[in-house]
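What follows is a single structure, written as structure tokens, with notes after it.
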Amino acid sequence: MNYPVQPELSEALDDLRVFSDLTLHWTTKINLIGSGSSSDIWERHILDSAQVFHVKQIDGGEHIDIGSGGGFPGLVIAILNKAHKLPVATTLIESDQRKAIFLRTVIRTLNLNARVIVDRIENVRPLSGDILTARAVAPLPKLLGFVERHISSHGTVLLLKGKNWQDEVRDSREIWDFSLIPHQSRTNSDSRILQIEGLARVQ
């Protein structure tokens, strides 16, 4: 199968192909991605996740991906870290045992610098990540409660949000104080990558 390739992904293409093929194979058994998006996995999931990596990179430390599901964006970022030889350790938090087995299979197959914690996000001890990512986990006001638990005081949060992102930000401001840069999504004109820093509860 031929995949459309963006130049910045070329170094990681072989690993991304393997990841894509594994995802499609496992999706026939467990719900990793919606059946309607299987034919468009590259644009809808891989490229959508890869753009997060290019918003902000770190050259060391820990990347936390919460509610990892099928590994979007967490495993895609881990693959790109490997391709760019960045010494970043990725921790994926996923409560579903079957999805966790899939994530570990990909990590082992591609020799990624990553691990999986199988538990609910709120039950995992605070991890103090330097970068934290999430995609399709919860509405922003609730999601930021999970984020606060696992991001360091100097860390950066990168969240993929859809067309209602402005409403979610407005609702979140009633509970949370934070700086925000909304980056335009490359794959969906209505979506944004929310870059959040300085997260704290409103006093």
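What follows is calculated from the coordinates using simple rules that are stated; it is not laboratory data. From a predicted model like this one, the values you see are computed outputs, not experimental measurements. Cβ atoms come from the backbone with ideal geometry, glycine included; neighbour counts cover every protein chain shown.
What are the lysines whose alpha-carbon lies under 18 Å from the alpha-carbon of Lys142, with same-chain residues fewer than 8 places away excluded?
Lys161, Lys163
Treat every Asp and Glu Cβ in the chain as -1 and every Lys and Arg Cβ as +1, leave all other atoms uncharged, and give the resulting dipole magnitude about the Cα centre to the nearest 20 debye. Mind showing how you got there, number by number?
Numbers: 23 positive and 24 negative charges, 76 e Å.
Result for the chain is approximately 360 debye, rounded to the nearest 20.
So what's the back-of-envelope 222 nm ellipticity for the chain, counting only DSSP H runs of four-plus at -39500 (n - 2.57) apiece and dividing by all residues, rounded to 500?
Values: 6 runs with 66 residues, N = 203.
Helix contribution divided over all residues of the chain: -10000 deg cm²/dmol.
Sorted from largest down, what three extents in whole angstroms do the Cα atoms of the chain have along their principal axes?
Projected onto the principal axes, the Cα atoms of the chain cover 53, 35, 33 Å.
Relative contact order of the stretch 7-201: what whole-number percent is it, with Cα pairs under 8 angstrom and at least 6 residues apart? Walk me through the numbers on the way to the answer.
Working: 348 pairs, mean separation 35.0, N = 195.
Worked out over the stretch 7-201, it gives 18 percent.
Sum up the charges of everything whose Cβ sits under 13 Å from the Cβ of Leu160, counting Lys and Arg as +1 and Asp and Glu as -1, but leave Leu160 out.
Details: positive: Arg44, Arg135, Lys161, Lys163, Arg186, Arg192; negative: Asp48, Asp65, Glu168, Asp190.
Residues close to Leu160 contribute a combined charge of +2.
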